[in-house]
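**Student:** First the structure, then my questions, so here it is.
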Amino acid sequence: MSATLVSNDGWFPASWRTRPVRQMPPYADEFVVRSVEARLSGAAPVVSSEDCGRLRDRMAGLAGGSGFLLQGGDCAESFDDPVAEQVAGITGLFDAMAEVLSPAIGGPLIEVARIAGQFAKPRSASTEEHDGVVLPAYRGDIVNGITFDATARRADPGRMIRAHMQSVGTAASLAAMRDAASPIYTSHEALLLPYEEALTRRDPSGRWWATSGHMLWLGDRTRQVDGAHVEHLRGIENVVGVKCGPDLGGDELVRLVDRLDPRNRPGKLVMIGRFGARQIADALPPLLRALQREGRSVVWTIDPMHGNTSISGKRKVRRLPDILAEIDAFFAITRAECIHGAGIHLEMSALDVTECIGGRGPASIDELEKNWLTACDPRLNARQAVDLAAHVAELLA
Ligand code: PEP
Ligand code: MN
């Protein structure tokens with residue numbers, strides 16, 4: 001790496017490699033990984049750095065206390081997704097949710113989908129067992145196949161090329177659905193760092209941008225302050241989300257935020273709480289206060305999905321009443337602390353899936369099988385998502 005490519009306090013696109021890294025796929029052949037990285041380094045950006053900059057400017061308004069962020073989409077995209085239908089579906093769902101939210105939010109609505117790059121999944125266990133057979137866990141289509149057989153589950157670096165191609169097509173289709181005044185931006189978890197590094201590009205002024213998506217977020221499993229994922233994300237100019245789970249303490253969050261954005265730029269960081277309905281009352285206030293004490297200008301949002309997940313047999317179970325309870329608590333707590341509750345982060349589908357229990361969805365665990373389509377976590381169906389948006393609108397009005 002030549003010295004001219006080093007910037008930002010020793011950061012460069014490959015500097016994450018000097019840090020301990022979690023959740024990396026066990027690729028068998030490093031040589032193949034290197035050749036894929038080389039190809040991706042010369043490949044087209046998925047999004048432009050100019051648009052990433054526009055999103056950051058708009059996000060600064062949220063940090064200033066007005067407007068709302070609606071972020072949502074699949075837990076995991078799939079290579080089997082019919083892209084045109086997927087994009088039309090998510091755009092229609094954002095339209096329907098925006099219609100109920102907009103009158104209530106008193107400011108601009110920023111729309112960010114989990115799309116065009118949401119292919120890599122962190123896993124709690126690195127293996128999965130069925131009927132006595134143990135295989136590597138599914139880590140998202142960018143890494144391996146979901147089918148439970150040894151060939152599909154092998155980590156294949158070539159999948160990064162396919163994920164990139166699909167993302168380019170998806171982002172282009174999404175951009176074509178809206179006019180340039182009101183885009184839906186793209187986002188994904190910045191998990192697979194070889195992919196992210198290859199798509200990190202320098203603008204003419206010498207600043208580095210992730211061109212894999214407009215907004216990238218740091219997962220709850222990879223937010224170690226000295227770890228590789230934090231190292232990578234601290235060097236890019238994009239809006240960066242930070243998933244904040246119940247184990248995160250105030251001091252640790254301050255260190256994390258110092259590392260990710262030492263310059264305290266408004267709109268640069270979006271905190272995404274994901275505590276669970278039963279834990280938010282204890283977990284959130286110390287985090288809000290710690291950042292406020294430090295004079296930190298961050299955006300606070302809530303992901304009411306990931307902290308409200310239980311397991312029944314092999315199925316993940318999420319219930320709408322828990323999801324709504326965490327949302328209610330988030331807006332009550334932020335209001336009490338005089339902090340702008342600036343948005344929601346959802347796993348949702350435009351399809352009539354039966355993945356979350358409650359409301360205009362399945363009434364019980366038995367009904368989950370009817371139309372369970374997700375490649376990973378359960379999503380709200382379109383009616384549940386629109387009803388949730390109406391509920392949020394009532395809270396904000
Ligand atoms: C996700 O958003 O799909 C996810 C894995 O979230 P978290 O890191 O909050 O568990
Ligand atoms: Mn998920």
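The values are calculated or read from the model by the stated rules, or taken from the named source; none is laboratory data. If you're wondering where the values come from, they're calculated on a predicted model, not measured in any experiment. Neighbour counts run over all protein chains shown; Cβ positions are idealised from the backbone, glycine included. The accessibility values were calculated without ligands, DNA or RNA, using every heavy atom of the protein model including side chains. Shrake-Rupley method; radii C 1.70, N 1.55, O 1.52, S 1.80 Å.
**Student:** Considering every residue within the stretch 311-323, establish whether at least one is within 27 Å of residue 214 (Cα to Cα) and either open to solvent by 10 Å² or more (accessible area, probe 1.4 Å) or basic (Lys, Arg) (or both).
**Tutor:** no
**Student:** In the stretch 297-313, what residues are more than 18 Å from the chain's Cα centre (by Cα) and in contact (Cβ under 8 Å) with a residue 40 or more places away in the chain?
**Tutor:** Selection gives 297, 312.
**Student:** Give the residue that is farthest from ligand 1 (Cβ to nearest atom), with candidates limited to residues of the stretch 350-388 that are more than 20 Å from residue 276 (Cβ to Cβ), in a loop (DSSP other than H, G, I, E, B) and in contact with a helix residue (DSSP H, G or I) (Cβ under 7 Å, 6 or more places away or on another chain).
**Tutor:** Of everything passing the filter in the stretch 350-388, 360 is farthest from ligand 1 (Cβ to nearest atom).
**Student:** In the stretch 12-32, what residues are crowded, with 18+ Cβ neighbours inside 10 Å and not polar (S, T, N, Q)?
**Tutor:** Result: 12, 13, 16, 25.
**Student:** Now for a separate question. Only one of (1) in contact (Cβ under 8 Å) with a residue 60 or more places away in the chain; (2) of a type in the set (A, V, I, L, M); (3) outside any helix (DSSP H, G or I); (4) open to solvent by 40 Å² or more (accessible area, probe 1.4 Å) is not met by residue 346, so which one is it?
**Tutor:** (4)
**Student:** Looking only at residues that are assigned to a strand (DSSP E or B) and without any contact (Cβ under 8 Å) to a residue 60 or more places away in the chain in the stretch 259-273, which one is farthest from ligand 2 (Cβ to nearest atom)?
**Tutor:** Among those that are assigned to a strand (DSSP E or B) and without any contact (Cβ under 8 Å) to a residue 60 or more places away in the chain, it is 269.
**Student:** Right, another one. Within the stretch 226-254, which residues are away from ligand 1 (no atom under 16 Å from the Cβ) and in a loop (DSSP other than H, G, I, E, B)?
**Tutor:** 226, 235, 236, 237, 238, 249, listed by residue number.
**Student:** In the stretch 249-258, what residues are open to solvent by less than 10 Å² (accessible area, probe 1.4 Å) and either out of contact with any helix residue (DSSP H, G or I) (no Cβ under 8 Å at 6 or more places or on another chain) or free of Cβ contacts under 8 Å to residues at least 40 places away in the same chain (or both)?
**Tutor:** Scanning the stretch 249-258 gives 253, 256.
**Student:** From (1) assigned to a loop (DSSP other than H, G, I, E, B); (2) within 25 Å of residue 25 (Cβ to Cβ), pick out the condition that doesn't hold for residue 196.
**Tutor:** (1)
**Student:** Could you check the stretch 354-379 and list, in sequence order, the residues that are touching a Ser or Thr at 6+ places or on another chain (Cβ under 7 Å), in contact (Cβ under 8 Å) with a residue 24 or more places away in the chain, open to solvent by less than 40 Å² (accessible area, probe 1.4 Å) and not charged (D, E, K, R)?
**Tutor:** 357, 361, 368, 375 - these are the residues of the stretch 354-379 that are touching a Ser or Thr at 6+ places or on another chain (Cβ under 7 Å), in contact (Cβ under 8 Å) with a residue 24 or more places away in the chain, open to solvent by less than 40 Å² (accessible area, probe 1.4 Å) and not charged (D, E, K, R).
**Student:** So, in the stretch 59-100, of the ones that are under 18 Å from the mean Cα position of the chain (by Cα) and not hydrophobic (A, V, I, L, M, F, W, C), which residue ends up nearest to ligand 2 (Cβ to nearest atom)?
**Tutor:** 74
**Student:** Please go through (1) assigned to a loop (DSSP other than H, G, I, E, B); (2) more than 16 Å from ligand 2 (Cβ to nearest atom); (3) within 20 Å of residue 94 (Cα to Cα) for residue 391 and return the number of the only condition it doesn't satisfy.
**Tutor:** The single condition residue 391 does not satisfy is (1).
**Student:** Do any residues in the stretch 141-170 that are surrounded by 23 or more Cβ atoms within 10 Å (Cβ to Cβ) and at pLDDT 95 or above have Cβ atoms under 6 Å from those of residues that are assigned to a helix (DSSP H, G or I) and of a type in the set (D, E, K, R), where the two are at least six apart or on different chains, and which pairs are they?
**Tutor:** From the stretch 141-170, the pairs are 142/159.
**Student:** Another question about this same structure. Restricting attention to the stretch 216-247, which residues are open to solvent by 10 Å² or more (accessible area, probe 1.4 Å), over 15 Å from the mean Cα position of the chain (by Cα) and under 25 Å from residue 276 (Cβ atoms)?
**Tutor:** Of everything in the stretch 216-247, those that are open to solvent by 10 Å² or more (accessible area, probe 1.4 Å), over 15 Å from the mean Cα position of the chain (by Cα) and under 25 Å from residue 276 (Cβ atoms) turn out to be 224, 225, 246, 247.
**Student:** Could you say which residue among 125, 152 is more than 16 Å from residue 196 (Cβ to Cβ), within 16 Å of ligand 2 (Cβ to nearest atom) and over 18 Å from the mean Cα position of the chain (by Cα)?
**Tutor:** One residue alone meets the criteria, 125.
**Student:** Looking at the stretch 65-94 only, could you name the residues that are on the phi > 0 side of the Ramachandran plot and either of a type in the set (Ser, Thr, Tyr) or touching a Gly at 6+ places or on another chain (Cβ under 8 Å) (or both)?
**Tutor:** Once the filter is applied, which keeps residues that are on the phi > 0 side of the Ramachandran plot and either of a type in the set (Ser, Thr, Tyr) or touching a Gly at 6+ places or on another chain (Cβ under 8 Å) (or both), the stretch 65-94 yields only 67.
**Student:** Could you tell me which of the residues 333, 327, 311, 323 is of a type in the set (A, V, I, L, M, F, W, C), in a helix (DSSP H, G or I) and within 15 Å of ligand 2 (Cβ to nearest atom)?
**Tutor:** Within the list 333, 327, 311, 323, the selection yields 323.
**Student:** Any residue in the stretch 193-215 that is surrounded by fewer than 21 Cβ atoms within 10 Å (Cβ to Cβ) and of a type in the set (A, V, I, L, M)?
**Tutor:** So far as the stretch 193-215 goes, no, none of its residues is surrounded by fewer than 21 Cβ atoms within 10 Å (Cβ to Cβ) and of a type in the set (A, V, I, L, M).
**Student:** Which fully enclosed helices (runs of 4 or more DSSP H) of the stretch 26-135 have 2 or more residues being of a type in the set (Ser, Thr, Tyr)?
**Tutor:** The helices (runs of 4 or more DSSP H) meeting that bar are 30-41, 83-105.
**Student:** Please go through the stretch 199-223 and give me each residue that is away from ligand 1 (no atom under 13 Å from the Cβ) and in a loop (DSSP other than H, G, I, E, B), ordered by number.
**Tutor:** If the condition is that a residue be away from ligand 1 (no atom under 13 Å from the Cβ) and in a loop (DSSP other than H, G, I, E, B), then 199, 203, 204, 205, 206, 207, 211, 212, 213, 214 are the ones that fit.
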